[in-house]
Ligand code: UGA
């Protein structure tokens with residue numbers, strides 16, 4: 001099929017490459033000329049495992065191209081909109097200006113009977129408003145909402161082998177077109193849920209709200225564990241054996257960040273208020289508050305380990321991205337902790353395998369070094385804040401050799417406390433006795 005993807009960020013670039021991999025003829029559209037130039041050369045504009053290979057194959061096959069001109073998308077049968085919906089400046093709601101802009105532009109170029117598919121995460125009610133907007137602009141194109149559940153770091157696999165497909169539609173022709181787009185994926189027995197716009201929009205919002213709640217639940221237990229001497233990791237293992245609860249997304253630490261969960265729960269709470277249902281999701285305010293308290297807690301533990309102050313102390317911060325296998329530092333708890341320590345007068349040396357460039361744009365005041373070795377040399381304290389494999393695999397004895405004094409805060413609870421203590425470390429996890 002002929003497909004266009006509007007917006008080539010983390011979501012759109014992966015979606016475009018995946019659609020070409022499924023055999024479709026794809027044009028990706030983005031207003032950022034540098035990004036388009038990179039993508040055209042088969043280069044990923046951000047770090048995502050497996051993406052560059054997929055892009056390269058797509059571009060070489062001739063089935064994948066990129067442009068800044070939306071008119072180049074005019075002959076597509078299906079247009080996917082994958083632009084960002086960031087948090088509004090100074091408010092909790094979602095900023096829909098890129099979504100509105102993309103649909104306005106498509107209204108001018110999309111062929112009659114073609115299908116416009118929203119993939120961006122939007123407040124419930126947006127699709128219905130967009131239909132009205134399209135009709136007002138004289139477009140007869142069909143609309144569908146087809147939320148995306150990909151995780152950064154696993155984006156390629158999640159797009160090519162999703163655990164479900166959700167279509168929000170108001171016309172059977174939309175379902176038929178989406179079934180053709182996803183034919184290969186559906187053939188493998190992937191569950192497909194066909195529903196109305198509002199439900200499809202809410203499925204995405206609810207999924208992210210649930211995941212955020214699960215993480216904040218275990219972090220709330222970490223707070224109780226800290227007050228009682230209990231161990232939150234053992235607690236998570238034990239409750240996780242109950243299949244109704246499950247162990248995944250029960251890792252306590254410095255909490256969630258990134259371009260999705262934090263802004264999505266805030267936008268959900270803001271939308272619920274508009275709907276007169278603020279109390280229904282009032283708990284999300286608590287979820288957010290618990291999450292943000294974890295960053296303070298990590299700083300407090302660092303202060304405790306250093307005997308009451310971090311001022312002028314040398315601190316190695318291992319990790320800057322919001323999670324491993326990504327270069328994304330948006331709302332990153334790791335970067336936030338590094339900046340807070342710097343703000344308290346600590347001599348922070350921070351490192352990350354892929355996140356330094358993005359971190360520097362947000363916090364140019366920090367001292368960034370290329371390797372864990374450099375960060376750890378002569379440090380008074382190490383903080384593991386993003387659980388990259390290479391930091392999980394660090395040898396306690398070798399780290400102790402590098403540091404001035406062997407002290408470590410394992411803010412993701414991924415190290416073996418007994419191994420680190422055996423090597424002479426003052427070890428502290430979060431929510432661990
Ligand atoms: C999240 C959802 O997981 C995806 O399903 C969704 O498609 C995506 O948002 C989106 O809306 O686009 P992502 O932001 O890539 O994906 O990250 P997650 O894997 O959900 O992790 C989010 C944060 O939670 C990270 O900072 C991670 O370190 C933290 N986390 C995760 C924990 O603190 N504990 C856990 O047990 C799991």
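Read-outs: derived from the displayed coordinates by stated rules, not from any lab. As the structure is a prediction and not an experimental result, all values here were calculated from the model. Don't worry about glycine lacking a Cβ; one is built from the backbone with ideal geometry, like all the others, and counts go over all protein chains shown.
Assorted remarks:
- Extension reserve of the residue 405-residue 361 stretch, reckoned as 0.36 nm per residue once the Cα distance is removed: 12.7 nm
- Think of it as helices only: each DSSP H run of n ≥ 4 in the chain is worth -39500 (n - 2.57), and spread over all residues that comes to -13500 deg cm²/dmol at 222 nm.
- In degrees, nearest ten, helix 10-21 long axis to first principal axis of the chain (Cα): 60 degrees
- Taking a ≥ b ≥ c as the square roots of the Cα gyration tensor eigenvalues, the stretch 81-227 comes out oblate, since a/c reaches at least 1.5 and a/b does not exceed b/c.
- Helix 283-305 and the long axis of the chain differ in direction by around 30°, with both axes built from C-alpha atoms.
- Burial ranking of peptide ranges 317-325, 120-128, 132-140 (average Cβ count within 10 Å, highest at the top): 317-325, 120-128, 132-140
- More than 31 Å apart - percent of Cα-Cα pairs taken over the chain: 45 percent
- Protection proxy ranking of 283-294, 180-191 - average other beta-carbon atoms within 10 Å, highest first: 283-294, 180-191
- Rounded to the nearest whole angstrom, the semi-axes of the ellipsoid equivalent to the stretch 287-433, taken from the Cα gyration tensor as √(5λ), stand at 20, 17, 16, largest first.
- Only Cα pairs under 8 Å and 6+ residues apart enter the sum, and on that basis the relative contact order of the stretch 67-133 stands at 41 percent.
- Share, in percent, of DSSP beta bridges within the chain that are antiparallel, nearest 5: 5 percent
- Mean-position separation - Cα centroids, the stretch 172-191 and the stretch 209-238, in angstrom: 39 Å
- With each label modelled as a point 7 angstrom along the Cα→C-beta vector, the residue 277-residue 433 pair spans 4.3 nm.
- In the stretch 2-195, Cα pairs under 8 Å separated by at least six residues give a relative contact order of 19 percent.
- Between the Cα long axis of helix 197-228 and the first principal axis of the chain there is an angle of about 10°, rounded to the nearest 10.
- Cα shape, the stretch 2-195, gyration tensor, a/c 1.5 rule: rounded
- Mean separation of Cα contacts under 8 Å (6+ apart) over length of the chain, as relative contact order %: 12 percent
- The stretch 140-183, Rg to Rh (Cα coordinates; Rh as Kirkwood inverse mean 1/r): 1.04
- Cut-off 18 Å, label 7 Å out along Cα→Cβ of residue 193, residues of the stretch 268-289 by amide N: 268
- Modelled label reach - residue 312, point 7 Å along Cα→Cβ, the stretch 395-433 residues with backbone N closer than 19 Å: 404-405
- For the stretch 259-336 and the stretch 48-99, distance of Cα centres in Å: 28 Å
- Protection proxy ranking, peptides 247-254, 212-219, average beta carbon neighbours within 10 Å, highest first: 212-219, 247-254
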